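> This structure is in C-alpha cells; I'll ask about it shortly.
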Amino acid sequence: MHTPIQAPVNPPHRLLMGPGPINADPRVTRAMSAALVGQYDPWMTETMNETMALYRDVFQTENEWTFLIDGTSRAGIEAALVSLVEPGEKVLVPVFGRFGLLLKEIGERIGADVVTIETEWGQVFTPEQIEQAIVAERPSVLAVVQGDTSTTMNQPLEDLGEICRRHGVLLYTDVTASVAGNELRTDDWGLDAVTAGLQKCLAGPSGSSPITLSDRAVEKIRTRRHVEAGIADGSTAGPGPVIRSNYFDLAQIMDYWGPQRLNHHTEATSMLYGARECARLLTQEGMDRAVARHALHGHAMASGLAALGLELFGDQEHRMNNVVAVLIPEGINGDAVRASILSDYGIEIGTSFGPLHGRVWRIGTMGYNARRDAVMTTLSVMESVLRAAGVSVVAGAGTATALEHYQDAA
Ligand SMILES: *Cc1c(COP(=O)(O)O)cnc(C)c1O
C-alpha cells in the first residue's frame, strides 16, 4: 500500500516538563541547521577540537580523551562498557533505579560477569556499602549511575574514586540526567569514564553522547585489539581481547578524534554542532552557576508542588536538583491527569517505571526549561488539574510558595 504523505512535519506546541527530553534551547537547534562540512576539512578538525575542549569544562576535567559518541546516551554507556570490560571480567553495579538495571543489562550483553547490590528505590548507597561490595566481589569495574531519573535520586560519587583506586577498580559513571544540574567533578573525584547525553540539563536534543576518559581508562582500552586478525590500519590498540563492537570501539574512536584522524564513522556533523553549542552555552554561563540555576528552579518547583499538598517521593537530601517525583494522590488516575495536562495545556510531565509506574509523577526543571516562567506555568496548571480531579487545594498555594522561594533567593 502506498500512502502519500504531503504535509511537512509540524509538531504541536509543547512545554516539556518531564524527566527528559526537554525543549532544546533554540540556540542549539539553530546551530544544528548550520551547513555541513567534510569531516577531514581543516575547519572540521578545529571544530572537533573545540568541542573536546568545551566538554573538558563541562565534565570538569583535564582528560585529553574527552569527545562525543554518536547516538543517544546509551551509545555512550555501551561504548564505555564494551571497551573497558573484557568478556568474563567482573563488573559491580549498585542499582537504585531503572538506569542501574540498564547498566546491568548492557554489562551482561557484552559478556561481563555482572554482580549487583540493590537499595530501595528512592534511596542511594553510602560509600561504605559500595566499598564492602568491592571488597567482597573484587570487580574490575564499578559501574554506577549518578542521577537516576527513574527515582530522581543523585548518588554521591565524591568518595568512590578514592575507594576504587585503593582496590584497583576502574570507575565508570552515567551522568546523563545529572550533569550541569548537579555538581560533577571528574578529576577531583577520580572518575575514570563518564558518559552523558544532551537531552537533560545540557539543553539539547538527544542523539550525541559526550564522554571523558581518564589515563587509567585509556590505558585499559589501549590494551584491546580492534579486529581478530591484527591491525593493519596504523591504529594504537594493543594485543588484548578484541572489543566486541565496531561502532562503539573506543580505541578506534579515539584514533578518529585524535591527531591521527583515522577514519572510523562519518561524523554526525549536525549533532556535533548541537553538542558544541550546548557546551558553549554552559561554559559561558559557568558550570557552578548552571548547577545553582537548576537548584533554584528545582527547589521552587518542589516547594510549590508540596504547597499543593503533594508528597515528595524519596530521600530529599539526595534528590537531583533538576527533577522531582511526587506521589499521585490516593484515588486519582495519574495517567488521566497527565493526559489532560498534555491535551488541555500543552505541558508534558512524566510517570515512572517498574515499582513506581502509576505511583508518582515526575516533573523536571532542566536545561532550557530551568526557568521561572516554566516553573510558574507548570504549578498553575498542576493546581487546575488537581482541582478538576477532585483534590482539595489551597488557591494559589503552589505559585505563591514558588514566588516566595524566588524572593528569598534573590
Ligand atoms: C535519561 C537517561 C538516559 C537516557 O538514555 P538515552 O539512550 O538517551 O535514552 C540514560 N541514563 C540516565 C541515567 C538517564 O537519566
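The values are calculated or read from the model by the stated rules, or taken from the named source; none is laboratory data. Computed from a predicted model, the values in this text were never measured in an experiment. With ideal geometry, Cβ positions are generated from the backbone for all residues, glycine too; neighbour counts draw on all protein chains shown. Just the protein is used for accessible areas: all its heavy atoms, side chains included, with ligands, DNA and RNA removed. Shrake-Rupley method; radii C 1.70, N 1.55, O 1.52, S 1.80 Å.
> If I filter the range 1-37 down to residues being among the polar types (S, T, N, Q) and open to solvent by less than 100 Å² (accessible area, probe 1.4 Å), which single residue comes out as farthest from the ligand (Cβ to nearest atom)? Walk me through how you get there before you give the answer.
Taking the range 1-37 and keeping what is among the polar types (S, T, N, Q), we get 3, 6, 10, 23, 29, 33.
Next, only the ones that are open to solvent by less than 100 Å² (accessible area, probe 1.4 Å) stay: 3, 23, 29, 33.
On the way: Thr3: 29, Asn23: 15, Thr29: 17, Ser33: 22 Å.
Among residues in the range 1-37 that are among the polar types (S, T, N, Q) and open to solvent by less than 100 Å² (accessible area, probe 1.4 Å), the one farthest from the ligand (Cβ to nearest atom) is Thr3.
> Something else: Within the range 346-361, is even one residue over 13 Å from Thr152 (Cα atoms), of a type in the set (A, V, I, L, M, F, W, C) and either outside the structural domain of Gln199 (by TED's automatic domain parsing) or part of a helix (DSSP H, G or I) (or both)? Write out each step before concluding.
First, pick out the residues of the range 346-361 that are over 13 Å from Thr152 (Cα atoms): 346-349, 354-355, 357-359.
Now drop any that are not of a type in the set (A, V, I, L, M, F, W, C), which leaves 347, 349.
Of the ones still in play, those that are also either outside the structural domain of Gln199 (by TED's automatic domain parsing) or part of a helix (DSSP H, G or I) (or both) are 347, 349.
Yes; the residues of the range 346-361 include at least one that is over 13 Å from Thr152 (Cα atoms), of a type in the set (A, V, I, L, M, F, W, C) and either outside the structural domain of Gln199 (by TED's automatic domain parsing) or part of a helix (DSSP H, G or I) (or both).
> Same structure again: Select, from Ser208, Ser178, the only residue that is modelled with pLDDT of 95 or more and within 18 Å of Met254 (Cα to Cα). Walk me through it before giving the result.
Working: Ser178 fails: within 18 Å of Met254 (Cα to Cα).
Checking each option against the conditions leaves just Ser208.
> Going by the structure shown, is Thr151 of a type in the set (S, T, N, Q), open to solvent by less than 20 Å² (accessible area, probe 1.4 Å), within 13 Å of the ligand (Cβ to nearest atom) and not in a loop (DSSP other than H, G, I, E, B)? Show your work before the answer.
Working: of a type in the set (S, T, N, Q): yes; open to solvent by less than 20 Å² (accessible area, probe 1.4 Å): yes; within 13 Å of the ligand (Cβ to nearest atom): yes; not in a loop (DSSP other than H, G, I, E, B): no.
Considered against the rule, which asks whether it is of a type in the set (S, T, N, Q), open to solvent by less than 20 Å² (accessible area, probe 1.4 Å), within 13 Å of the ligand (Cβ to nearest atom) and not in a loop (DSSP other than H, G, I, E, B), Thr151 comes out as no.
> Would you point out which residue out of Ile117, Ile69 is open to solvent by 30 Å² or more (accessible area, probe 1.4 Å) and in a strand (DSSP E or B)?
Values: Ile69 fails: open to solvent by 30 Å² or more (accessible area, probe 1.4 Å).
Step by step, each of Ile117, Ile69 is checked, and only Ile117 is open to solvent by 30 Å² or more (accessible area, probe 1.4 Å) and in a strand (DSSP E or B).
> Quick check on the range 86-107: of everything there that is more than 21 Å from the chain's Cα centre (by Cα) and not in a strand (DSSP E or B), which residue is farthest from Ala275 (Cα to Cα)? Walk me through how you get there before you give the answer.
Going residue by residue through the range 86-107, those that are more than 21 Å from the chain's Cα centre (by Cα) are 86-90.
With the extra rule that they be not in a strand (DSSP E or B), the set shrinks to 86-89.
Details: Glu86: 30, Pro87: 32, Gly88: 34, Glu89: 33 Å.
Here the residue is Gly88.
> Right, here's the next one. Read through the list (1) away from the ligand (no atom under 16 Å from the Cβ); (2) within 20 Å of Thr176 (Cα to Cα); (3) surrounded by fewer than 21 Cβ atoms within 10 Å (Cβ to Cβ), then give the number of the only condition that Leu84 fails.
With respect to (1) away from the ligand (no atom under 16 Å from the Cβ); (2) within 20 Å of Thr176 (Cα to Cα); (3) surrounded by fewer than 21 Cβ atoms within 10 Å (Cβ to Cβ), Leu84 is out only on (3).
> Just give me the residues in the range 64-81 being away from the ligand (no atom under 11 Å from the Cβ) and either farther than 15 Å from Arg244 by Cα or without any contact (Cβ under 8 Å) to a residue 12 or more places away in the chain (or both), in sequence order.
As a first pass, look at the range 64-81 and keep what is away from the ligand (no atom under 11 Å from the Cβ): 64-68, 70, 79-81.
Selection gives Glu64, Trp65, Thr66, Phe67, Leu68, Asp70.
> Another one. Among Gly331, Gly350, Gly358, Gly364, which is among the small types (Gly, Ala, Ser) and more than 24 Å from the chain's Cα centre (by Cα)? So that I can check it myself, show each step before the final result.
Values: Gly350 fails: more than 24 Å from the chain's Cα centre (by Cα); Gly358 fails: more than 24 Å from the chain's Cα centre (by Cα); Gly364 fails: more than 24 Å from the chain's Cα centre (by Cα).
Within the list Gly331, Gly350, Gly358, Gly364, the selection yields Gly331.
> For residues in the range 102-113 being in contact (Cβ under 8 Å) with a residue 12 or more places away in the chain and surrounded by fewer than 24 Cβ atoms within 10 Å (Cβ to Cβ), which is nearest to Leu250 (Cα to Cα)?
To start, the set of residues in the range 102-113 that are in contact (Cβ under 8 Å) with a residue 12 or more places away in the chain comprises 102-104, 106-107, 110-113.
Adding the requirement that they be surrounded by fewer than 24 Cβ atoms within 10 Å (Cβ to Cβ) leaves 102, 104, 106, 110-111, 113.
On the way: Leu102: 20, Lys104: 20, Ile106: 16, Ile110: 14, Gly111: 17, Asp113: 21 Å.
This residue is Ile110.
> Among the listed residues Ala292, Ala302, identify the single one that is over 18 Å from the mean Cα position of the chain (by Cα) and either free of Cβ contacts under 8 Å to residues at least 40 places away in the same chain or surrounded by fewer than 18 Cβ atoms within 10 Å (Cβ to Cβ) (or both). Working first, answer last.
Values: Ala292 fails: over 18 Å from the mean Cα position of the chain (by Cα).
Every option except Ala302 fails the conditions.
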